[in-house]
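Comments concern the structure below.
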Amino acid sequence: MASQIEKKLTPSRILIYATLLLACVAYLIPVFIMIITSFKTTGDIRSGNLISFPEVWSFEAWAKAWSTACTGVQCNGVSGFFWNSIKMAVPAVLISTALGAINGYVLSKWRFRGSDIFFSLLLFGCFLPFQVILLPMAATLGKMGLANTTTGLVIVHVVYGVAFTTLFFRNFYVGVPDALIKAARLDGAGFVTIFVRILLPMSVPIIMVCFIWQFTQIWNDFLFGVVFASGDSQPITVGLNNLVNTSTGVKEYNVDMAAAMIAALPTLVVYVLAGKYFIRGLTSGAVKG
Amino acid sequence: MAQLQLKGIRKTYGNAVQETLKGIDINIESGEFLILVGPSGCGKSTLMNSIAGLETVTEGSILIDGRDVTNAEPKDRDIAMVFQSYALYPTMTVRENIAFGLKIRRMPKEEIDAEVERVAKLLQIEPLLDRKPSQLSGGQQQRVAMGRALARRPKLYLFDEPLSNLDAKLRVEMRTEIKRLHQRLGTTIVYVTHDQIEAMTLADRIAVIKDGELLQLGSPKEIYERPSCRYVASFIGSPAMSFIPLTVESDGGNLRASLRSADGEQIYVPLPETLAAYEGKEIHLGIRPEHITQPLAHKAGQEATSSGKFRIEVTEPTGPDVMALIKINDTEVHCRLDPDHTVDPGEPAELMIDLSRAVYFEAGKEARIDI
C-alpha cells in the first residue's frame, strides 16, 4: 500500500529529496576532501586544487600516519594509540552494556521500594557534563592506584556509560509484557534464568544500540583520554591531536588526514555493521510488540 | 488434580485505603471447574495472581491439598497458568516453549520429548512444533499456551481470561475445546472471565465477585435461577433480567400485583404467599426475558402464568429468537419471542408472563427476598 502512494513524484516530494541531497553533500564534502587529500603526495597538495583528485594515488601518508609520523617527541605513528583505544573501548563497551542490561532488567521487572527514585537519580548521569567530574575522578583513580592506566579509563567510561545503557535497557524491557515474566516464574525460572533465557535473546536490537552508542562515545572521547591517561595508555583521539599539533618542518596535510581517517574508521565500521538495529532499537520501546 | 482452599483472603495494595480483596472464602474440590466472574477491577485477577503466588496476600491463607502455600514461591505451588496475552516466549519455538518448564525442573530429555509429543497430539499442534510464536495465529498461540500449561501436569490450572483476545467464532470453538479437555483430564481449574456466557457454559461452580467481595458462589443453574442479589441477577444473563416495581396487594387472601402496560391496560398477576410480609409495600419483581413470551399453549392455565396486551417498543431479531422491548409499570422490560410469531413495533401484542421462576427484591435493597 505504501509503495503505491509514494511512487508519485509530487513537487513537495522533489523538494524533500533536494533538501536531503543538499544535506548529504554538505556532510560528505569534508569526508571526500579528507579521503582524497590522504591519498595525495605532499607535492600534489602544494601544487594542486583542494578538491581535485590525486595525480598519483599514494598510500604513503597512510603508512606514515600509522607507523612513523611524529606525535610529540616519539615518531611511531598512531598505531600504538589505536590499540590503546581498542583496549579501552572494547571492555568498556561490553561491561557498560552488561551492567545496563542487568540494571534495566531489575528496574523494569523486579521493582523494589524506591526503584523509580533510583532510576531518576541514575538518569542525572546522562546530563552531567564531563568537566564536572574531572577533579573528583582524578582523585579517586589516584587513590585506587589506577591513574594513567587503561583500566582506569575503562572504569571512568563504564561509570559514565551505565546511566545511558540502563536508560536504554530499562525502556526496552518496560515494553516487554509482564505476563512473560509471570509465565516464566510459574514455569520455575528464577531471576537469572528469566534474564538469560527469556529476556536476553529478545534484546539483540537494544544490545546493538548500546554497542553503537557506547562505542562511539568512548572511542571519540578526548577529554577523559587527555586527563586520565598518559604516555603509553593514551587513546587515539589524543594521539591524533598530538600528531596534528607536532610542528617539525612542513605541515603534512596528507598524513594528518590519513591519521584522522584511521581514528574515524572504527566507529564508521560499527555503524555500518550494526546500523540497521540502531533506528529499530531506538524506536522499539515505543510500540508494543 | 488437587483441592484448593481459599480462607479469608484479603489484599490491600501498598498504601491504598481501599481493600482490593475483602475476605474471600472458597473451597474448590478436586477436579472442579471454578469460574471467577465479575466486572473489570473487581479483584478477580488479583485473586488469581494470589493463588499463583505472583502477588502476596495481606491476610488469609491458601491451601493446596491441605498444604499451606500462602507464602510459597510460584514454582513451589505446582500451578500452571494460561494468560490472556498467551505470554509465549517469543524467541523460542513452540517445542521449546512447551519444554521450558520441564527443562527447568530437570526432567530427562527423553521424557521431555515424550511429554511434548503427548501434549502436541492432545491439542493438535504437532505441525506447529518448530515454529516461532510470531508465526502462529491467535488460536494457535492459545493452544500452545494451553500446551505449555498441560505439559507440566500441575495440580492446579489457572486460566486468566484466556479467550478474550480471540474473535467470536474461535472463542466459541476454544470454549468447547477447554470444556472437552476438562472432562477428559478431570483437572482442577480456576478460570477468570468477565464473559458471563463463558462462565455459564464452562463452570461447575461460578463465583461472582464485585468490589473485592464474593457475592455468590454456586452452580450456574443456582446463579441463574436464584441470584443472591440484584447485582448477580443483572450480571448473569443476556439480555439482563428486568426489574419491575410493583405493589403487593391482597385480594381475598391471595396476594397479587397489578402490571400496567404503556397503553394503560392493567392485568393482575398472582404473587407467592411468602410475600405476605410485604403487603401494601413496593417490591421489585425480577423476571428474565424468556419468561415473557408469546402465548404458549402448554403453559396456558398454569397457576403462575398470566396474559395481557403490551405495546412492543422495539424488536431485535437474533435468529433463534426475537428480543422485544415492552414497558410495564413505566419500566423497560425485555421479552423473548419466537421469530415465527410476528409482532410489529408500536403495536400491542398478546404476551404471556410466567412468574414461576421470578425473583423478588425489596425496593432499594440489594439482597433477594427469600421465598
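The values are calculated or read from the model by the stated rules, or taken from the named source; none is laboratory data. A quick note: this is a predicted structure, and the numbers were derived from the prediction, not measured. Counting neighbours? That spans all protein chains shown, and the Cβs are built from the backbone with ideal geometry, glycine included.
Details
- Filter pass, B:Leu181 being outside any helix (DSSP H, G or I) and in contact (Cβ under 8 Å) with a residue 12 or more places away in the chain: no
- Selection status of A:Gly188, on the phi > 0 side of the Ramachandran plot and buried (at least 19 other Cβ atoms within 10 Å of the Cβ): yes
- Test for B:Met48: is it surrounded by 15 or more Cβ atoms within 10 Å (Cβ to Cβ), in a strand (DSSP E or B), within 14 Å of chain A (Cβ to nearest Cβ) and touching a Leu at 6+ places or on another chain (Cβ under 9 Å): no
- Count of residues meeting criterion [surrounded by 22 or more Cβ atoms within 10 Å (Cβ to Cβ) and not in a helix (DSSP H, G or I)] in the stretch A:235-250: 1
- Close pairs (7 angstrom Cβ cut-off, 6 or more residues apart or separate chains): of a type in the set (D, E, K, R) in the stretch B:37-49, at pLDDT 90 or above and not in a loop (DSSP other than H, G, I, E, B) anywhere: B:Lys44/B:Leu36; B:Lys44/B:Val192; B:Lys44/B:Ile209
- Scanning the stretch A:40-84 for residues that are over 28 Å from the mean Cα position of the chain (by Cα) and charged (D, E, K, R) turns up A:Lys40, A:Asp44, A:Arg46, A:Glu55, A:Glu60.
- Any hit, the stretch A:41-61, residues being at pLDDT 90 or above and in contact with a helix residue (DSSP H, G or I) (Cβ under 6 Å, 6 or more places away or on another chain): yes
- For B:Leu34, the conditions (1) at pLDDT below 95; (2) away from chain A (no Cβ under 14 Å); (3) not in a loop (DSSP other than H, G, I, E, B) are fulfilled apart from (1).
- Flag for A:Ser85 being surrounded by 10 or more Cβ atoms within 10 Å (Cβ to Cβ) and part of a loop (DSSP other than H, G, I, E, B): no
- Considering B:Ala257, B:Ala240, the condition of being part of a loop (DSSP other than H, G, I, E, B) and at pLDDT 90 or above is satisfied by B:Ala240 alone.
- A:Val176 meets all of the listed conditions (1) surrounded by 20 or more Cβ atoms within 10 Å (Cβ to Cβ); (2) under 28 Å from the mean Cα position of the chain (by Cα); (3) part of a helix (DSSP H, G or I) but one, namely (3).
- With respect to the conditions (1) more than 14 Å from chain A (Cβ to nearest Cβ); (2) of a type in the set (S, T, N, Q); (3) farther than 27 Å from A:Arg113 by Cα, B:Asn97 falls short on a single one, namely (1).
- Residue that is surrounded by 15 or more Cβ atoms within 10 Å (Cβ to Cβ), in a loop (DSSP other than H, G, I, E, B) and more than 10 Å from every other protein chain (Cβ to nearest Cβ), where the choices are B:Met107, B:Met92: B:Met107
- Close pairs from the stretch A:249-270: first acidic (Asp, Glu), partner assigned to a helix (DSSP H, G or I), Cβ under 8 Å, at least 6 apart: A:Glu252/A:Thr42; A:Glu252/A:Ala61; A:Glu252/A:Lys64; A:Asp256/A:Ala65; A:Asp256/A:Leu243; A:Asp256/A:Val244
- Filtering A:Ala23, A:Ala92 for residues that are crowded, with 16+ Cβ neighbours inside 10 Å and at pLDDT 95 or above leaves a single hit, A:Ala92.
Residue by residue, here is whether (1) surrounded by 14 or more Cβ atoms within 10 Å (Cβ to Cβ); (2) hydroxyl-bearing (Ser, Thr, Tyr); (3) within 13 Å of another protein chain (Cβ to nearest Cβ); (4) not in a helix (DSSP H, G or I) holds:
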position: B:Glu55; (1), (2), (3), (4): yes, no, yes, yes
position: B:Ile62; (1), (2), (3), (4): yes, no, no, yes
position: B:Thr70; (1), (2), (3), (4): yes, yes, no, yes
position: B:Glu115; (1), (2), (3), (4): yes, no, no, no
position: B:Lys121; (1), (2), (3), (4): no, no, no, no
position: B:Asp130; (1), (2), (3), (4): no, no, no, yes
position: B:Gln141; (1), (2), (3), (4): yes, no, yes, no
position: B:Pro154; (1), (2), (3), (4): yes, no, yes, yes
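- Looking across A:Ile102, A:Ile86, A:Ile45, one residue alone is outside the structural domain of A:Val226 (by TED's automatic domain parsing) and among the aliphatic types (A, V, I, L, M). It is A:Ile45.
- Taking first residues from the stretch B:243-271 that are within 19 Å of B:Cys335 (Cβ to Cβ) and partners that are aliphatic (A, V, I, L, M) and surrounded by fewer than 14 Cβ atoms within 10 Å (Cβ to Cβ), the Cβ contacts under 9 Å between residues at least 6 apart in sequence or on separate chains come to B:Pro245/B:Ala363.
- Extreme residue, surrounded by the most Cβ atoms within 10 Å (Cβ to Cβ), among residues of the stretch B:200-220 that are of a type in the set (D, E, K, R) and modelled with pLDDT of 95 or more: B:Arg205
- Residue pairs meeting the criteria (Cβ under 6 Å; at least 6 apart or on separate chains; first at the interface with chain B (Cβ under 8 Å from one of its Cβ atoms), in the stretch A:185-198; second assigned to a helix (DSSP H, G or I) and crowded, with 20+ Cβ neighbours inside 10 Å): A:Arg185/B:Pro74; A:Leu186/B:Pro74; A:Asp187/B:Phe100; A:Asp187/B:Gly101; A:Gly188/B:Gly101; A:Ile198/A:Ala184
- When A:Asp221, A:Asp232 are checked against the criterion of being acidic (Asp, Glu) and either surrounded by fewer than 19 Cβ atoms within 10 Å (Cβ to Cβ) or not assigned by TED's automatic domain parsing to the domain that holds A:Trp110 (or both), a single residue qualifies: A:Asp232.
- B:Lys75 within 12 Å of chain A (Cβ to nearest Cβ), surrounded by fewer than 20 Cβ atoms within 10 Å (Cβ to Cβ) and touching a Leu at 6+ places or on another chain (Cβ under 8 Å): yes
- The residue that is surrounded by the fewest Cβ atoms within 10 Å (Cβ to Cβ), counting only those in the stretch B:168-178 that are touching a residue at least 24 places away in the same chain (Cβ under 8 Å) and under 15 Å from B:Ala203 (Cβ atoms), is B:Arg175.
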